[in-house]
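Notes follow once the structure below has been shown.
Only the coordinates and a few stated rules stand behind these numbers; no lab work does. Because the structure is a prediction, the values reported are computed rather than measured. FYI the Cβ positions are ideal-geometry reconstructions off the backbone, even for glycines, and counts take in every protein chain you see.
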Ligand SMILES: NC(=O)c1ccc[n+]([C@@H]2O[C@H](COP(=O)([O-])OP(=O)(O)OC[C@H]3O[C@@H](n4cnc5c(N)ncnc54)[C@H](OP(=O)(O)O)[C@@H]3O)[C@@H](O)[C@H]2O)c1
């Protein structure tokens, strides 16, 4: 295994679980110092312990990405603790399912606040630091849920907006040395893809039927795509949406 990120500092929002935790571990295994962020302290501390147990460097910052002051503090803390910020994986999100006409106003506001405003605020504060410090790389998490899925209209709308925002921002900041791309996972085996009352076998059967690859994806498979997008090998990849979905949208 090569260590593509030695000497780099990587920030991962939603780093206390699922895809965020897997990606934080993957960055740390390849030499990065990792800062994990989320609202709950305990899951973040668990990710830090997992990284430290493998000999890596990590720290946790509790922050709500829908609040500008939290995101500003998050970026400043990462720089202060680890001496810089070179990579950001803006991955925190919430999902509340329901028909577009039935979704509650609080659920709508929570999804827009975290999934869209949270990514916008993250990009804004991260780019300000990266521009001033010689550049950086950002990967935002969208979703293949942007395609018309009944019950996921509100969530999908926030994720479609993340793609639009990321592509425009990518064109705006690449000349300043900041490279932005998007990863769009298909169904991945994390807490978010589990339906109420479903067990892992039930989910595997439901997903297996509609994904050409015949199975659900893993958080590690998304992490591998994120690391490639963040790596020097992807230097000329700008404003790209990389799907990791077993062929679901092919
Ligand atoms: N799993 C899938 O099938 C799938 C498919 C397509 C896209 N995705 C996307 O992949 C990303 C990761 O999801 P996952 O599957 O790993 O689910 P997950 O385990 O539920 O991860 C979501 C993370 O976001 C954090 N978070 C939520 N609201 C936040 C806020 N306001 N501020 C800071 N952190 C917040 C959560 O931590 P706290 O609650 O402690 O804050 C949690 O760690 C999301 O963007 C999701 O939309 C997932």
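Structure notes:
- Cβ-based exposure ranking for 61, 178, 149, in which fewest neighbours within 10 Å come first: 149, 61, 178
- Ascending count of other beta-carbon atoms within 10 Å, so fewest first, for 193, 166: 193, 166
- Choice from 118, 14, 98 showing the highest fluctuation, given a GNM over the chain with Cα pairs closer than 10 Å: 98
- Helix 118-132 and the longest principal axis of the C-alpha atoms of the chain enclose an angle of approximately 20°.
- Extension gain from residue 149 to residue 64, taking 0.36 nm per residue of separation minus the Cα-Cα distance: 27.8 nm
- Largest mean-square fluctuation among 148, 76, 58, in a Gaussian network model of the chain whose springs join Cα atoms under 10 Å apart, belongs to 148.
- Contact order, relative form, for the range 82-189: 33 percent (alpha carbon pairs under 8 Å, 6 or more residues apart, mean separation divided by residue count).
- From helices alone, the chain scores -13500 deg cm²/dmol at 222 nm; the rule is -39500 (n - 2.57) for each run of n ≥ 4 DSSP H residues, then divide by the residue total.
- Measuring max minus min along each principal axis, the C-alpha atoms of the range 111-168 give extents of 44, 18, 14 Å (largest first).
- Helix axis angle, 200-210 relative to the chain longest principal axis, alpha carbon, degrees: 80
- Inter-part distance where the range 129-172 and the range 179-250 are each reduced to a Cα centre, Å: 15
- Rg over Rh for the range 1-143 works out to 0.99, both radii taken from alpha-carbon positions and Rh defined as the Kirkwood radius.
- Each of 17, 68, 122 has some number of other Cβ atoms within 10 Å of its Cβ, and from fewest to most they run 68, 17, 122.
- Volume per residue for the range 201-250 equals 79 cubic angstrom (convex hull of Cα atoms).
- Additional length obtainable on full extension of the chain from residue 79 to residue 109, 0.36 nm per residue less Cα span: 7.8 nm
- Protection proxy ranking of 155-162, 168-175, 108-115 - average other beta-carbon atoms within 10 Å, highest first: 155-162, 108-115, 168-175
- Counted over all Cα-Cα pairs of the chain, pairs farther apart than 23 Å make up 47 percent.
- Just so you know, the Rg over Rh for the range 63-167 is 1.04, from Cα atoms, with Rh as the Kirkwood radius.
- Rounded, prolate or oblate (a/c below 1.5 giving rounded, otherwise prolate when a/b exceeds b/c) for the range 96-231 by Cα gyration tensor: oblate
- Between 0 and 90 degrees, the angle of helix 41-53 with respect to the longest Cα principal axis of the chain falls at about 60 degrees.
- Annotation for the range 19-39 versus the range 79-117: alpha-carbon center distance of 18 Å.
- Contact order relative to length of the chain, as percent, for alpha carbon pairs under 8 angstrom and 6 or more apart: 19
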